[in-house]
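Reviewing the structure listed below.
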Amino acid sequence: MPVFRKVRHIIDLTLPFNKGDRGVDWDNVMEIPKDTWNARLLHLYSHSGTHMDAQSHFIPGGRGIDEIDLNKCIGPALLVDMGDVTEKFLIETKHLKGYKNRIRRGSRIVFKTNWSKYYGQPAFRDQCPRISIELAEYLAGLGIGLIGVEPPSVADVHNKSEVVSVHRTLLEKEIVIVEGLCNLDKIEQENFTIIALPLPVKDGDGSPCRVIALL
């Protein structure tokens, strides 16, 4: 593909999986001194670290992660720079004012909030910035293809009504949701190519995924 021949730089947007992180654990089942090779039994929460939500995460009978349209997961993306946001900052439609003429059906939008700097701290999950229901409805109405954020959720995980309404609004339109991104501060341009690939877990409600930016 021509886009890959033009790549100058690759940035990994994926959080590392560390034993002891929320939803991450493993057991060593084989070790070189005793068994000739190393092997681990991984225990991963389906929404741990950098991950992707499937329709079935919030919609009964919705598509599983193995049915995600990979065409939405690879392609041109727009970086919306929100700067350093405050705790529980609400991202609204007005914040897209300078970008609206570049957002259309199928667009992939990634919100840069520099929130990943709080990874490993309670605030990362408990005080995270989120997408307003108004913005979710606006993006759903446009029929965008993918939305990416740095916090572990696009909505306040401590507000059941909000987390359900925002996720369902996006997922009902089969918008791919990628949460827990990092290193967005290393992207110094608004337009880049994103690749976000989940594990094809049969009927899975979500999956950790490896996400990279091609510049």
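The values are calculated or read from the model by the stated rules, or taken from the named source; none is laboratory data. From a predicted model like this one, the values you see are computed outputs, not experimental measurements. Note: ideal-geometry Cβ built from the backbone for every residue, glycine included; neighbour counts use all protein chains shown.
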For residues that are out of contact with any helix residue (DSSP H, G or I) (no Cβ under 8 Å at 6 or more places or on another chain) and farther than 20 Å from T50 by Cα, scanning just region 124-163, find the one that is surrounded by the most Cβ atoms within 10 Å (Cβ to Cβ). I144
Considering only region 166-194, how many residues are surrounded by 18 or more Cβ atoms within 10 Å (Cβ to Cβ), out of contact with any Ser or Thr (no Cβ under 8 Å at 6 or more places or on another chain) and under 20 Å from D12 (Cα atoms)? 6
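Conditions (1) at pLDDT 95 or above; (2) within 15 Å of the chain's Cα centre (by Cα), marked per residue:
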{"site": "M30", "(1), (2)": "yes, no"}
{"site": "W37", "(1), (2)": "yes, no"}
{"site": "S48", "(1), (2)": "yes, yes"}
{"site": "D53", "(1), (2)": "yes, yes"}
{"site": "H57", "(1), (2)": "yes, yes"}
{"site": "K72", "(1), (2)": "yes, yes"}
{"site": "G83", "(1), (2)": "no, no"}
Taking the criterion of being of a type in the set (A, V, I, L, M, F, W, C) and in a loop (DSSP other than H, G, I, E, B), would at least one residue in region 190-198 satisfy it? no
Could you check L78 against (1) in contact with a helix residue (DSSP H, G or I) (Cβ under 8 Å, 6 or more places away or on another chain); (2) part of a loop (DSSP other than H, G, I, E, B); (3) surrounded by 14 or more Cβ atoms within 10 Å (Cβ to Cβ) and say which number it fails? (2)
Could you please give the count of residues in region 117-138 that are assigned to a helix (DSSP H, G or I) and within 27 Å of R22 (Cβ to Cβ)? 10
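Can you name the residue in region 4-15 that is part of a loop (DSSP other than H, G, I, E, B) and modelled with pLDDT of 95 or more and, of all such residues, is surrounded by the fewest Cβ atoms within 10 Å (Cβ to Cβ)?
L15
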Whichever residue in region 25-71 is among the charged types (D, E, K, R), touching a residue at least 24 places away in the same chain (Cβ under 8 Å) and not in a loop (DSSP other than H, G, I, E, B) and, among such residues, is nearest to C209 (Cα to Cα): D53
